[in-house]
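The values are calculated or read from the model by the stated rules, or taken from the named source; none is laboratory data. Quantities reported herein were computed from a predicted structural model and do not represent experimental measurements. Using ideal geometry, Cβ is built from the backbone for each residue, glycine included, and neighbour counts are taken over all protein chains shown.
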2 protein chains.
Amino acid sequence: MNLKQLAELLQLSQTTVSRALNGYPEVAEPTRDRVLEAAQRHGYKPNSNARKLATGRAGSIGYVLPVGRNVDLDPHFVEFLSGLGEHALMREVDLSLTPAPRERESEAYRRIAASRSVDGVYLSSMRNDEQRIGLVRSLGIPFLAHGRALKPAEGYAFLDIDNEGAFHDATRLLLQLGHRRLAFINGDTDFTFAVHRLNGVIRAMTAHGLPFESLRHHSAAMNEENGYRLAMELFRDADPLARPTGVLSASMFSTLGIVRAFNQLGLRMPQDVSIITHDDVFPFLKPESFSVQLSTTRSSIRAAGARICERLVNIISGAESGPVAEIWPVELIVRASTGPAPADRKAGRRGTQEAAE
Amino acid sequence: MNLKQLAELLQLSQTTVSRALNGYPEVAEPTRDRVLEAAQRHGYKPNSNARKLATGRAGSIGYVLPVGRNVDLDPHFVEFLSGLGEHALMREVDLSLTPAPRERESEAYRRIAASRSVDGVYLSSMRNDEQRIGLVRSLGIPFLAHGRALKPAEGYAFLDIDNEGAFHDATRLLLQLGHRRLAFINGDTDFTFAVHRLNGVIRAMTAHGLPFESLRHHSAAMNEENGYRLAMELFRDADPLARPTGVLSASMFSTLGIVRAFNQLGLRMPQDVSIITHDDVFPFLKPESFSVQLSTTRSSIRAAGARICERLVNIISGAESGPVAEIWPVELIVRASTGPAPADRKAGRRGTQEAAE
DNA sequence: CCGGTTTCCCAAAGCGCTTTGAACGAACTG
DNA sequence: CAGTTCGTTCAAAGCGCTTTGGGAAACCGG
């Protein structure tokens with residue numbers, strides 16, 4: 001059943017039927033009702049390809065999906081996608097994923113642009129040496145970034161969370177609790193979010209008069225394995241008086257490994273070491289589900305996905321214009337994994353200091 | 001730059017240019033080279049919507065993405081998608097996700113069919129009361145199922161792993177190690193994979209003369225939380241002589257929670273309890289990453305994704321026809337979490353029995 | 001040298017939709 | 001009542017591609 005047949009059936013022109021269906025005002029109500037009813041009854045659905053060709057609109061938003069041996073589509077992405085999907089449904093837009101390895105990324109965007117298969121794209125996992133913003137802009141594809149490049153001066157629309165503020169606040173809390181030897185098991189600092197987080201940590205330390213050189217900072221992909229490995233490196237053979245007492249972790253997955261290392265080494269939270277983790281709010285892995293409930297900085301990546309879809313649709317339709325920067329605050333939630341820094345019992349000067357407290 | 005312009009530029013007809021580009025034989029080699037070169041140089045890419053309209057082919061495969069408050073797009077799906085994406089890239093097809101809540105699922109398939117926006121769909125997470133196979137077949141959409149319905153008689157193409165065999169083998173191993181009190185923390189038995197797994201467990205038990213009523217079976221979504229909760233239920237207040245000594249777990253996520261419960265309750269693996277987990281091969285959560293390395297049944301869900309894409313493309317192109325059933329064997333890999341059943345020291349009759357061994 | 005193939009290319013007809021521009025009563029206005 | 005406006009409908013022209021059905025040259029064997 002196509003438009004022509006439906007029009008014939010109704011003894012109307014294709015024009016009128018099309019307009020009735022698409023809600024144009026210049027069609028009489030009784031006519032519209034007749035058309036709608038007939039379309040419903042015969043299960044007429046416009047051919048999306050024909051519509052796309054005629055309108056030039058694609059009715060879908062695109063994403064270049066990183067694939068390849070070393071790129072793991074991680075759980076963060078799923079959660080994000082899930083939020084995006086929820087909103088996409090409401091707006092009746094589809095998601096089109098174009099898989100591409102990193103080295104052929106720009107080719108993928110060019111293909112998307114040239115073939116006009118989507119109305120807009122979202123960019124995520126912003127890197128320090130981000131090329132895509134310039135690229136998609138020059139290709140004329142409407143876009144919205146999740147996260148932001150290092151230089152915010154460029155003027156493009158984005159949604160980001162306040163990574164810098166979150167880790168500043170978390171660090172400040174550890175410092176207020178008396179921790180002086182801090183470690184930060186960060187994500188890959190090729191990505192800007194990790195850089196922002198590091199900046200937050202450093203800002204808090206500086207404000208407390210702590211040299212940032214004293215921070216034990218490690219940057220690696222956020223997973224169980226790396227969390228375990230790095231925690232072992234930091235704590236296994238360390239002098240109890242020199243090892244960190246406060247740990248910041250960039251992800252629940254890293255923390256999974258960190259906690260495993262702590263268990264193995266017999267380190268207790270929060271007596272021996274405090275930890276604050278960033279929580280992206282995974283429904284399948286919650287901070288309350290750890291043997292010692294985790295203190296976290298929390299921001300739902302799923303909510304971000306929904307919001308991004310909403311804004312991207314607006315950008316495409318022209319309802320949003322201009323380089324709107326949206327930065328979400330992050331909550332710091334204190335649970336059981338943070339506590340006062342342990343007293344350095346064997347230390348002389350420090351010991352007296354603490355006795356005075 | 002469109003076909004018309006390119007043709008004009010080359011002083012050729014659109015027909016010839018189109019044919020040259022699409023590799024039809026009836027165009028002279030020198031002409032083809034000229035066309036190819038010009039297309040390359042001017043960055044010509046055919047408009048995908050126009051092509052789709054003209055050919056009736058969509059160049060993409062579809063998936064109805066479950067969304068909604070209670071549906072968590074889980075990590076299994078991401079891994080699967082990742083594999084699918086890898087292969088999709090090679091074949092230059094896109095993935096089109098249509099988000100839909102469960103109650104509007106069939107509507108989504110109808111929309112897909114009517115709008116002709118994809119060439120084929122894959123179905124996953126097969127349920128016991130699976131409706132989709134009949135639906136998509138009646139809609140005339142080529143499809144491939146990941147997993148299978150309960151009654152295999154229906155005759156449709158699918159790819160599945162040997163869930164029944166995997167859990168049979170795992171159970172048999174536990175029985176051979178002397179375990180008699182078994183627990184199975186299964187996935188949601190609304191899904192057929194969980195039913196198949198249960199069948200495997202029961203078959204092994206029956207073969208060993210064990211009544212399947214003695215199995216402590218629990219069915220729930222596979223995540224950390226449920227794993228923890230169910231393990232606590234099973235072990236917290238249980239008489240050490242009555243509690244299970246062998247546990248089967250349907251997913252690494254469940255096991256994450258189970259292990260947490262064990263730690264909390266002071267149960268050691270494998271001295272107090274043995275566990276075998278199904279491993280879908282997540283790059284971010286490995287059985288080797290547990291404090292006690294996990295024995296697993298292993299099958300890469302990512303590889304399945306790639307294979308499904310490959311087959312679906314073949315089905316669409318007509319290279320594969322007929323209801324091909326492909327069932328992958330599953331490896332049983334023994335690591336440190338399995339060992340002989342603990343001796344029931346305090347038991348009288350049993351004690352003598354075991355002394356005789 | 002001529003009828004019949006081959007080889008290479010073209011004009012034009014769609015694919016199913018949207019949208020422009022015009023037509024035609026009916027309803028207003030002065 | 002002529003002139004204008006409004007409301008409703010339609011025919012036809014695209015959107016950019018593929019594909020059908022030729023047709024003109026070049027090639028072939030007899």
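Within 13 Å of chain B (Cβ to nearest Cβ) and at pLDDT 95 or above: does that describe residue A:231?
Details: within 13 Å of chain B (Cβ to nearest Cβ): yes; at pLDDT 95 or above: yes.
For residue A:231, the condition - within 13 Å of chain B (Cβ to nearest Cβ) and at pLDDT 95 or above - is met.
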Of the numbered conditions (1) within 16 Å of DNA strand C (Cβ to nearest atom); (2) out of contact with any helix residue (DSSP H, G or I) (no Cβ under 9 Å at 6 or more places or on another chain), residue A:107 fails exactly one; give the number of that condition. (1)
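Go through segment B:83-107 and report how many residues are more than 18 Å from the chain's Cα centre (by Cα), more than 7 Å from every other protein chain (Cβ to nearest Cβ) and buried (at least 20 other Cβ atoms within 10 Å of the Cβ).
From segment B:83-107, those more than 18 Å from the chain's Cα centre (by Cα) are B:89-94, B:96, B:98-107; that's our starting set.
Going one step further and asking which of them are more than 7 Å from every other protein chain (Cβ to nearest Cβ), we end up with B:90-93, B:101-107.
Add one more test, that the residue is buried (at least 20 other Cβ atoms within 10 Å of the Cβ), and what stays is B:93.
Of the residues in segment B:83-107, 1 are more than 18 Å from the chain's Cα centre (by Cα), more than 7 Å from every other protein chain (Cβ to nearest Cβ) and buried (at least 20 other Cβ atoms within 10 Å of the Cβ).
Just to check your reading of the model, which residue among A:58, A:54, A:50 is surrounded by fewer than 19 Cβ atoms within 10 Å (Cβ to Cβ), within 8 Å of another protein chain (Cβ to nearest Cβ) and within 16 Å of DNA strand D (Cβ to nearest atom)? Walk me through how you get there before you give the answer.
Details: A:58 fails: surrounded by fewer than 19 Cβ atoms within 10 Å (Cβ to Cβ); A:54 fails: within 8 Å of another protein chain (Cβ to nearest Cβ).
Only one candidate passes the filter, namely A:50.
Quickly run through segment B:25-47 and pick out the residues that are within 12 Å of chain A (Cβ to nearest Cβ) and part of a helix (DSSP H, G or I). Outline the logic, then answer.
First pass over segment B:25-47, keeping only residues within 12 Å of chain A (Cβ to nearest Cβ): B:39, B:42-47.
Result: B:39, single match.
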Can you tell me which residues in segment B:1-11 are near DNA strand D (Cβ under 7 Å from one of its atoms) and assigned to a loop (DSSP other than H, G, I, E, B)? B:2
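Just need a number here: residues in segment B:18-36 that are within 43 Å of the chain's Cα centre (by Cα) and within 8 Å of DNA strand D (Cβ to nearest atom). Write out each step before concluding.
From segment B:18-36, those within 43 Å of the chain's Cα centre (by Cα) are B:18-25, B:36; that's our starting set.
Next, only the ones that are within 8 Å of DNA strand D (Cβ to nearest atom) stay: B:18-19, B:21-22, B:24.
Residues meeting the conditions: 5.
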Would you be able to tell me the number of residues in segment A:5-58 that are near DNA strand C (Cβ under 6 Å from one of its atoms) and basic (Lys, Arg)? 2
Would you pick out the residues in segment A:288-324 that are surrounded by fewer than 18 Cβ atoms within 10 Å (Cβ to Cβ), of a type outside the set (D, E, K, R) and within 10 Å of chain B (Cβ to nearest Cβ)? A:291
Expected single match for of a type outside the set (A, V, I, L, M, F, W, C) and closer than 20 Å to residue A:141 by Cβ among A:49, A:2 is A:49
Go through segment B:193-227 and count every residue that is over 21 Å from residue B:299 (Cα atoms), touching a residue at least 12 places away in the same chain (Cβ under 8 Å) and among the acidic types (Asp, Glu). 1
Which of the residues belonging to segment B:1-60 are within 24 Å of residue A:51 (Cα to Cα) and touching a Phe, Trp or Tyr at 6+ places or on another chain (Cβ under 6 Å)? B:1
Just give me the residues in segment A:247-286 being more than 17 Å from residue A:297 (Cβ to Cβ) and more than 10 Å from chain B (Cβ to nearest Cβ), in sequence order. A:262, A:265, A:266, A:267, A:268, A:271, A:272, A:273
Unique residue being closer than 15 Å to residue B:114 by Cα, aliphatic (A, V, I, L, M) and without any contact (Cβ under 8 Å) to a residue 40 or more places away in the chain when the list is A:39, A:20, A:54: A:39
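Go through segment B:182-287 and tell me which strands (runs of 3 or more DSSP E), entirely inside it, have 3 or more residues that are crowded, with 21+ Cβ neighbours inside 10 Å.
Values: elements: B:182-186, B:216-219, B:246-249, B:274-279.
Fully inside segment B:182-287 and qualifying: B:182-186, B:246-249, B:274-279.
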Kindly check whether there is at least one residue in segment B:168-175 that is over 30 Å from residue A:293 (Cα atoms), at pLDDT below 95 and surrounded by 20 or more Cβ atoms within 10 Å (Cβ to Cβ). no
Does residue B:14 satisfy being among the polar types (S, T, N, Q) and either within 12 Å of DNA strand D (Cβ to nearest atom) or surrounded by 13 or more Cβ atoms within 10 Å (Cβ to Cβ) (or both)? yes
